[in-house]
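Have a look at the structure below, then the notes.
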Amino acid sequence: MSNLINVPKNGGLTSTNSPINFPSWSRVIDDMFNLDLPTVFTSNFNTGITLPKVNIKETPESFLVYMAAPGLDKSNFQVEIDNQSLTISAEIKEEEETNNQHYTRREFGYSSFKRTFTLPETVNDASIDAKYTDGILHITLPKKEEAKQKPARTINIS
């Protein structure tokens, strides 16, 4: 008879020559957390787009918003101004399907994001311009005339 000792992951000691091997509670808990989830739960995670990064630059005449969102079309975007808030959102619906009547695989993909920024009161919201080129959404938020930085001038002393 050998006296082999089994050392499990949890560091406990159990003897292998006992007639009935009951799993320890820590092994049951380890097994429960180390189970592979069925692909129905994991296959749709992390397939959407991530929250796009934004750069905002202030010039004397305007605020410039640049959003990196490659792979989209300009028709995917919605840009709204409401109560001094700029909201940029996009929704992408993709459908890929095999051309077989008895298809075994059909995939639908839905992704969306929404970013909201509070605008300063100096923005002239009647003249906002947006365009999408080369994967970058460009939004120009012009300042009101009274808020534009005026060049320095010299005052004559009398």
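The values are calculated or read from the model by the stated rules, or taken from the named source; none is laboratory data. The structure displayed is predicted, hence computed values, not measured ones. Protein only, heavy atoms only, side chains kept; ligands, DNA and RNA dropped before computing areas. Shrake-Rupley method; radii C 1.70, N 1.55, O 1.52, S 1.80 Å.
Laid out as a table, the results:
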read-out: Computed lengthening from Ala152 to Thr118, 0.36 nm per intervening residue step minus Cα-Cα distance; value: 9.3 nm
read-out: With DNA, RNA and ligands ignored, accessible area of Lys131 (1.4 Å probe; Å², nearest 10); value: 120 Å²
read-out: Ranking by accessible area, most exposed first, for Thr116, Thr133 with a 1.4 Å probe; value: Thr116, Thr133
read-out: Exposure rank, largest accessible area first [Glu146, Glu61; 1.4 Å]; value: Glu146, Glu61
read-out: Exposure of Tyr132 as accessible area (Å², to 10), given a probe of 1.4 Å and all protein chains; value: 40 Å²
read-out: Residue order for Ile81, Ile157, Ile88 - accessible surface, 1.4 angstrom probe, largest first; value: Ile157, Ile81, Ile88
read-out: Straight-distance crosslink candidates among lysines, where the alpha carbon sits under 25 Å from Lys131 and sequence neighbours closer than 8 are dropped; value: Lys53, Lys57, Lys74, Lys93, Lys114, Lys143, Lys144, Lys148
read-out: Per-residue SASA entry for Val54, accessible area with 1.4 Å probe, Å² rounded to 10; value: 40 Å²
